[in-house]
Amino acid sequence: MFNVVTQLENDAVEMRKVYAGAVRRQIEAGAPIIALEADLMSSMAMDGVHKDHPQHVINCGIMEANVIGVAAGLSLTGRVPFVHTFTAFASRRCFDQLFMSLDYQRNNVKVIASDAGVSACHNGGTHMSFEDMGIVRGLAHSVVLEVTDATMFADILRQLMDMRGFYWVRTIRKQATRIYQEGSRFTIGKGNLLRDGEDVTLIANGIMVAEALKAAQMLAQQGVSAAVIDMFTLKPIDRELIKTYAAKTGRIVTCENHSIHNGLGSAVAEVLAEECPTPMRRVGVKERYGQVGTQAFLQQEYGLTAEHILEAAGQLLAHR
């Protein structure tokens, strides 16, 4: 059960500190968790956890493919490995290991992929992944998530300790926009209806959920009723919720901090094509690589703002 905040504002805690705190709590509760890092301890606020619990936190160095192999081996001993590195390295650099060592072998490893999309900011194009979720959702047994805010991240991390399999959790490192009230709980594989509507449905994930809510408010000022769905599970995607709102509103806009190819837009389009053909638009990164800049600049540069969602919805509404 989840509850949505009444006003959008920054979370009180950074997402990286949510992760470090969750790992610490599991260690101190006696869980067999092993947190693996690829020389990004300070980037994910794990220095203090490593200092206090050196047997549960391993810095494997800048050898991301090796980190995945180590995690696979640890999972065979009954440990529960959580691997963290940036999205670009966890996906592009490690794909063969994700396939061979994790998914094909059905090992129990959770990959926490941070600096999602334009949130990589000052690390620039080489570190800015717009394709990672598309890469990972192609694996047969993967579960692919993009957490929305600190409340969701903490609850998902808690759940993953007791879930077996290969889970990919995409996140930003700094503060997210707070969407959910403290104490909310989330069901993996089910989208969250944040706002009901009759005229158009905005389906978003990650940092784009806040932008979709802003766009819905702008549309309301124009007399347009927009539903907003947080589709935080990309795979398995909530097909029933997509079909329900496609039938109800007849128009879909997807909103993602990711390439429009093989991410949320593609996953929703697959459902619509197979089940209920519906006019749609995809708001996301279009055939580009990243660059250095502030997040606000990058969201504007790559078309990832409420105004861009408003424009896409307007295109659909023009064909009433």
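The values are calculated or read from the model by the stated rules, or taken from the named source; none is laboratory data. From a predicted model like this one, the values you see are computed outputs, not experimental measurements. A quick note on method: Cβ atoms are made from the backbone with ideal geometry, for glycine too, and the neighbour counts reach across all protein chains shown. What goes into the accessible areas is simple: the full protein's heavy atoms, side chains included, and nothing from ligands, DNA or RNA. Shrake-Rupley method; radii C 1.70, N 1.55, O 1.52, S 1.80 Å.
State all residues of the stretch 229-259 that are more than 23 Å from F166 (Cα to Cα) and touching a helix residue (DSSP H, G or I) at 6+ places or on another chain (Cβ under 7 Å); if no residue qualifies, say none. Break it down stepwise before answering.
Let us first name the residues in the stretch 229-259 that are more than 23 Å from F166 (Cα to Cα), namely 229, 240-255.
Of everything in the stretch 229-259, those that are more than 23 Å from F166 (Cα to Cα) and touching a helix residue (DSSP H, G or I) at 6+ places or on another chain (Cβ under 7 Å) turn out to be I229, I242, K243, A246, R251, I252, V253, T254, C255.
Which of the residues spanning the stretch 116-135 are open to solvent by 10 Å² or more (accessible area, probe 1.4 Å) and either of a type in the set (V, I, T) or without any contact (Cβ under 8 Å) to a residue 24 or more places away in the chain (or both)?
If we filter the stretch 116-135 for residues that are open to solvent by 10 Å² or more (accessible area, probe 1.4 Å), which is where we start, we get 119, 121-123, 125-127, 131, 135.
Across the stretch 116-135, the qualifying residues are T126, I135.
Only a single item in (1) of a type in the set (S, T, Y); (2) part of a loop (DSSP other than H, G, I, E, B); (3) open to solvent by 10 Å² or more (accessible area, probe 1.4 Å); (4) touching a helix residue (DSSP H, G or I) at 6+ places or on another chain (Cβ under 7 Å) is not met by S184, and it is number (3). Once the stretch 288-306 is narrowed to residues that are more than 20 Å from the chain's Cα centre (by Cα), of a type outside the set (V, I, T) and farther than 20 Å from A204 by Cβ, the residue that is surrounded by the most Cβ atoms within 10 Å (Cβ to Cβ) is G293.
Out of curiosity, is T148 in a loop (DSSP other than H, G, I, E, B), touching a strand residue (DSSP E or B) at 6+ places or on another chain (Cβ under 6 Å) and either free of Cβ contacts under 8 Å to residues at least 24 places away in the same chain or within 21 Å of A210 (Cβ to Cβ) (or both)?
Spelling it out, T148 is indeed in a loop (DSSP other than H, G, I, E, B), touching a strand residue (DSSP E or B) at 6+ places or on another chain (Cβ under 6 Å) and either free of Cβ contacts under 8 Å to residues at least 24 places away in the same chain or within 21 Å of A210 (Cβ to Cβ) (or both).
Can you name the residue in the stretch 91-110 that is part of a helix (DSSP H, G or I) and either among the hydrophobic types (A, V, I, L, M, F, W, C) or in contact (Cβ under 8 Å) with a residue 60 or more places away in the chain (or both) and, of all such residues, is surrounded by the fewest Cβ atoms within 10 Å (Cβ to Cβ)? Once the filter is applied, the top-ranked residue is M100. Scanning the stretch 38-65 for residues that are without any contact (Cβ under 8 Å) to a residue 24 or more places away in the chain and not hydroxyl-bearing (S, T, Y) yields D39, M41, D47, H50, K51, P54, Q55, N59, G61. Among the candidates A88, A113, A35, the residue that is buried (at least 21 other Cβ atoms within 10 Å of the Cβ), in contact (Cβ under 8 Å) with a residue 40 or more places away in the chain and over 24 Å from N257 (Cβ atoms) is uniquely A35.
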